[in-house]
Amino acid sequence: MNKTQILIQTQIYFAVNLMGFVSEGGAKSGFRSLVRRKRVDSVHSKSSDTGHHQLAKELSILHLIAIGVGSTIGAGVYILVGTVAREHSGPALAFSFLIAGIAAALSAFCYAELASRCPSAGSAYHYSYICVGEGLAWIIGWALVLEYTIGGSAVARGISPNLALLFGGPDSLPPFLARYSVPALGLVVDPCAAFLVFVVTGLLCVGIKESTFVQSVVTAANIFAMIFVILAGGYLGFKSGWVGYKVSTGYFPYGVDGMLAGASTVFFSYIGFDSVASTAEEVKNPQRDLPLGIGAALSICCMLYMLVSAVIVGLVPYYAMDPDTPISTAFASHGIQWAAYIITIGAVTALCSTLMGSLLPQPRILMAMARDGLLPSFFSEVNPRTQVPVKSTVLTGLIAATLAFSMDVEQLAGMVSVGTLLAFTMVAISVLILRYVPPDEVPLPSSFQAAIDSVSLRYNNIISADETDVEVNNGQSGEKNTRYPLKGEISANYPLIAKVAAQALFSEKKRRKIAGWMITLNCVGALILTYSASNLGIPSFFRLALCGIGGLLLLFSLAVLTSIEQDDARHNFGHTGGFICPWVPLLPILSILINTYLLLNLGADTWMRVSVWLVIGVLVYVFYGRTHSSLQHAVYVPATHVDEIYQSSAESLPSE
């Protein structure tokens, strides 16, 4: 048998295996809902999805930078520099911001690759559903809904006190906007906060391009205020000799540990760039603009944070900084009291921009979940004129306005970080899965069953024809043999071919199995290491033992993942030609480790509150999402045959 025959027969062997995989994949639709995964968005899925209107593709890279910077730089930087410098970093505050920025960049790299490969609304929920499974994706989406609701309400309640300062004092707002208490209910209501939420909600309903333009203007005002702090503060620093850096305690008064503790605190000031990923479906050129937008926004934020902190700690000794109004007090100590007005304007514009960044992603995440059938279709409806999910936007705006009006949500602010850090962790895990064990089966609607059967029959015919040709060439009877060969028969007739093909299949399955276990061990090791390192109540010997076990699991999984090859299917996963995350597997593993550590240090009270919300989410999923999922009756086929099945389906349609 010549080389051509060997190649043909090898293809036949794989075809038979693939046909068996199709029949097995159909049975897999009955697997537990927690592990079923949806397919990545593609040209086919977009063209076949006629159940809803598409979002408007209006955003460019400049719009994305405005969304990212505006959502990230909140009023916290105007307060945070004083607290962190006094308690943790001292004059090394700029290094704390740099280290936190590098840690945030680890997650940003992961987001950039997944956003360019899977440019659809839903952000981390969408990526988790594709790479991990429906159960964890639901938890991520449900946690993000809580994050944006609480975050938007907390930001709105922080605007009215700063607005009052601009107009002369705490009681200077008009009566219909001023805060007042309701003793009978034990509430302090904030009409101004609710009014601002309604304004932003209305703006978001007008259109993505219009709302992003307004956010760009507001963000620019905030950046100009920060540039004023940098330039004017730099001038005062050179004029006074940078007295803040001449303290007797040195540059690291709390040591390197203090600087790192400060970095873990200011890390949360970088949260917000993930809002860019939620607008992926509305970007004109997502493969190019999404990674650039995420990277540019994070770089601008890091640079501004470092410059502001370097200037402020140089104007005033760190131990003399006001923890509540550090920047205004630093300027006032040099005789420039009027700078407080510019700084307050910066804080107000920062809060307004962050409010828009908090309310923008939530309707899109709800829309993505509703498209997948996990929520009612009400949330997935897109207005045909404005091309935004108006109903979801209005509903989320009403909830956020109610919370901002009636509740002091500051005590719930810690819950905001849980959703973000869970999303960051899951995105890093998704990158590892994409590179080493990408989904090799794709769910298709049951309406494609005829096309699937047609493709399977086509392979049967190819095998049958090839068997006939072989019989003729061997000089046997010309009687046509239409019986389909079985895998065992191929093995018997062509043992060498069967052996090579089987070895290839076995080797690939073994590699995927090893990679899957290593990713699991990495997550377990990160959890053990961070828990034992952050829990000082554990006996020292037991704590060190746990740290050693967790560290060994991490190093072992990293070494194995580095030594084995990544899956070739990653090159064709999703939309190609976009950003590729560097230094895999090291970079995602570091991201998982950092985010897990921060999650475990949020406090027991925060986790108890979040647990209540997650339990509610589990009940919603069990009684609605699980049974209404779009994958409930899906048919799973090999990913390598999807294009062929779509082509067969298109050919079977009647021509107009």
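The values are calculated or read from the model by the stated rules, or taken from the named source; none is laboratory data. These numbers were taken from a predicted model, which means no experiment stands behind them. A quick note on method: Cβ atoms are made from the backbone with ideal geometry, for glycine too, and the neighbour counts reach across all protein chains shown. In case anyone asks, the SASA skips ligands and DNA or RNA and just uses the protein heavy atoms, side chains included. Shrake-Rupley method; radii C 1.70, N 1.55, O 1.52, S 1.80 Å.
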Descending semi-axes in Å of region 565-632, equivalent ellipsoid built from Cα gyration tensor: 32, 25, 8
Net dipole in debye of region 494-638 [+1 Lys, Arg Cβ; -1 Asp, Glu Cβ; about Cα centre; nearest 20]: 300 debye
Cα-projected label distance for Ile102 with Val256, points at 7 Å along beta-carbon direction, nm: 1.1 nm
Region 114-163 shape via C-alpha gyration tensor axes, a/c threshold 1.5: oblate
Region 165-269: chymotrypsin sites (Phe, Trp or Tyr not before Pro) in DSSP loop, at most 16 other beta carbons within 10 Å: Phe167, Phe176, Tyr251
Residue (of Val145, Ser172, Ile99) at the positive-pole extreme of region 62-182, dipole from beta-carbon charges: Ser172
Prolate/oblate/rounded label for region 510-656 (Cα gyration tensor, a/c 1.5): oblate
Cα-projected label distance for Asn572 with Thr402, points at 7 Å along beta-carbon direction, nm: 4.9 nm
Ser216, Ser648, reordered so the largest accessible area comes first (probe 1.4 Å): Ser216, Ser648
Mean-position separation - Cα centroids, region 325-399 and region 198-223, in angstrom: 9 Å
Volume per residue of the C-alpha convex hull in region 202-266, rounded to whole Å³: 121 Å³
Shape of region 97-252, Cα gyration tensor, a/c cut at 1.5: oblate
Euclidean distance between Cα centres, region 242-282 to region 125-171, Å: 21 Å
Of the chymotrypsin sites (Phe, Trp or Tyr not before Pro) in region 314-348, those whose Cβ has at most 11 other Cβ within 10 Å and which sit in DSSP loop: Trp338
Exposure of His641 as accessible area (Å², to 10), given a probe of 1.4 Å and all protein chains: 10 Å²
Area accessible to solvent at Lys510, 1.4 Å probe radius, in Å²: 110 Å²
